[in-house]
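This report refers to the structure that appears directly beneath it.
None of the figures in this text is laboratory data; all of them are computed from the coordinates on show. In this text, all values refer to a predicted model and were calculated from it rather than measured experimentally. All Cβ positions, glycine included, derive from the backbone under ideal geometry; neighbour counts span all protein chains shown.
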Amino acid sequence: MREETEAQASETLTQRLAQVHQMIQAGRYEGASSTCDELIERYPDSAEAHAAQGDVCGARQMWARAAEWYELALQLGAGNDVRRRLERARQHLESAVGETTNGPPQFPVQRQRTRLWWIFGGAGAAILLAIAIVLIALLSPPTPGTSRSQQKSRPYPAPPIPEPPVPSTSPVVHTPLSPPLPTRPQPRPTTPSPSSAAAPQAAPHAPVIITRQMIGPVSDRDYHIARTLGSLTWPDGTPLSDAVAVMMEPYTGYAMITFEIPQVLEGEELFEAVVRQSYSLAATALRTDAGIHWLTIRALATITTPDKEERTVVAYRANTRRGTLEYWMKLREEPTAEQLWEEVFATSWWNPSVPQDRIR
């Protein structure tokens, strides 16, 4: 039964193709093209049906479409006669001044209709979704304390109003944004500058202001920079090794370098050693990664509070940028601690809770 059905289908296809060629000879191109579309829809693997559609396009001198339909027929197993028709269509196409179409259809007629239904269906679903969102926004209750017009104009919900802070009885230390060098002995000129003379004096055992634990690298780029900086040493030979971490933002070119101060630096003034080490880290980071343009340097120290508790605090913090560092690096001379504090780094700050000679 299956062989008879296939034979009947083949006979039907042959008869319809003969009708197509009769319509082509009679100049009934629209009917011939519609018949080919029906045959391609019913017999999608028929090379003869695709080739017949190419014959219709060729009769209408639509050589570009004819060539494409012949190519589809060859892909489905058409013989040399279709190949010769393809070559003839290409020759006409090369000699033609222009074409009346932009190319063959990418899908049969029924598939194009199905695609259009999908497009219109998707557009309708998007319109219904937009209408639902608008209705939900209009029917939702307004936020307490605001009018409907205020709620429409606000892109995000209003943040909650924070409660007033409870007054604290502990002393408060106000540190200026860019204070002069700390009051302990340091490599400054013997004649103090007017800014240093007017600066407030830090009280002994001031409360801890900023506390932040050491953090590790978060990306391969951070790890590469941190590993290079870890090869540096302190003046007494103590290596930084794993006591340095980097967070680099490639999009903005901003990097934060955090390093730990050893418990004791023998024979060194702690303040001057930390400031010089910050400069060495910043310069090495710039040489390691050309994408760094802005830098924040932080030095962490572990101290013992008056309550006999150990705290890890930010002992030193400063900011700088590539242009400033490159200027000082081109001078080929080591800047003094005073130049580092006032000119190389901006918003330099030393935690008054940390002694400047030693940590413990």
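At-a-glance table
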{"read-out": "Length released on extending from PHE120 to THR14, taking residue separation times 0.36 nm less the Cα-Cα span", "value": "34.5 nm"}
{"read-out": "Whole-number percent relative contact order across the range 206-350, with pairs defined as alpha carbons under 8 Å at least 6 apart", "value": "22 percent"}
{"read-out": "Förster radius 35 Å - calculated FRET efficiency between VAL264 and HIS293 (Cβ-Cβ, nearest 0.05)", "value": "0.50"}
{"read-out": "Kirkwood hydrodynamic radius of the range 2-106, Cα pairs, Å", "value": "13.9 Å"}
{"read-out": "Surface/4 of the Cα convex hull for the range 206-350, nm²", "value": "8.9 nm²"}
{"read-out": "For the range 244-314: rounded, prolate or oblate by the Cα gyration tensor [a/c cutoff 1.5]", "value": "oblate"}
{"read-out": "Counted charge near ALA78, where neighbours are those whose Cβ lies closer than 15 Å (Asp, Glu -1; Lys, Arg +1)", "value": "-3"}
{"read-out": "Proportion of all alpha-carbon pairs of the range 1-63 beyond 21 Å (%)", "value": "21 percent"}
{"read-out": "Rg/Rg_globular for the range 53-97, with Rg_globular taken as 2.2 N^0.38 Å and Rg from C-alpha atoms", "value": "1.02"}
{"read-out": "Positive-end residue of ALA78, ALA52, LEU93, charge dipole of the range 2-106 with Cβ unit charges", "value": "LEU93"}
